[in-house]
Amino acid sequence: MKKTKLPGDNISLKTKKTEDPLVMAWLNMQTNLMDSFRYLVENEIMLHGVRNLQLYIPAERIGIQDSGTGAGMAASMEADVLAEARQETAAAAAEAVTAAETIDAAAESEAPVAPDASEASTNSAASTASESQLSPSFEPAVADEIDEEDIEAWS
């Protein structure tokens with residue numbers, strides 16, 4: 001009779017001498033083989049429950065490369081992942097542009113209209129300070145926040 005496995009017990013696995021090269025490539029690609037197997041087992045359980053796969057899978061199977069799901073499918077899956085990543089990147093870029101436009105619109109609506117040239121330079125400085133507060137920056141928003149003692153302490 002087969003011994004029942006308990007959490008923390010070791011299991012041993014051995015590849016066939018005639019193992020499909022894609023199976024070996026997959027095995028060798030894993031940085032944590034046990035975690036990868038665990039992930040596959042968890043997915044099987046979620047889809048079909050706990051069952052003896054030997055009752056459901058054929059003893060003799062068509063090889064991965066013979067079934068047309070090997071390298072071609074891997075390349076197709078990789079292309080799908082890349083396309084999805086591109087879509088996510090484009091969506092994030094569009095979101096960033098929208099956010100920037102919103103910030104620009106907010107900055108423009110906060111800037112007062114200058115009636116003469118002397119106030120225009122003051123308002124321009126205020127507008128620049130306002131924009132610098134809204135946009136990410138590593139510089140302080142207002143120059144007065146750094147005093148001479150701070151500069152001396154950094155020296």
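Restricting attention to region 26-40, does a residue exist that is aromatic (Phe, Trp, Tyr), in contact with a helix residue (DSSP H, G or I) (Cβ under 9 Å, 6 or more places away or on another chain) and open to solvent by 70 Å² or more (accessible area, probe 1.4 Å)?
yes
Do any residues in region 9-37 that are under 21 Å from residue 63 (Cβ atoms) and modelled with pLDDT of 95 or more have Cβ atoms under 7 Å from those of residues that are assigned to a loop (DSSP other than H, G, I, E, B) and acidic (Asp, Glu), where the two are at least six apart or on different chains, and which pairs are they?
none
Would you please name the residue that is farthest from the chain's Cα centre (by Cα), looking only at residues in region 12-25 that are open to solvent by less than 90 Å² (accessible area, probe 1.4 Å) and of a type outside the set (D, E, K, R)?
Only one residue tops the list, namely 15.
The values are calculated or read from the model by the stated rules, or taken from the named source; none is laboratory data. Only a predicted model underlies this, so the values are computations on that prediction, with no experimental measurement involved. In this analysis, Cβ positions are derived from the backbone assuming ideal geometry, glycine residues included, and neighbour counts consider all displayed protein chains. Keep in mind that these areas ignore ligands, DNA and RNA; they rest on the heavy atoms of the full protein, side chains included. Shrake-Rupley method; radii C 1.70, N 1.55, O 1.52, S 1.80 Å.
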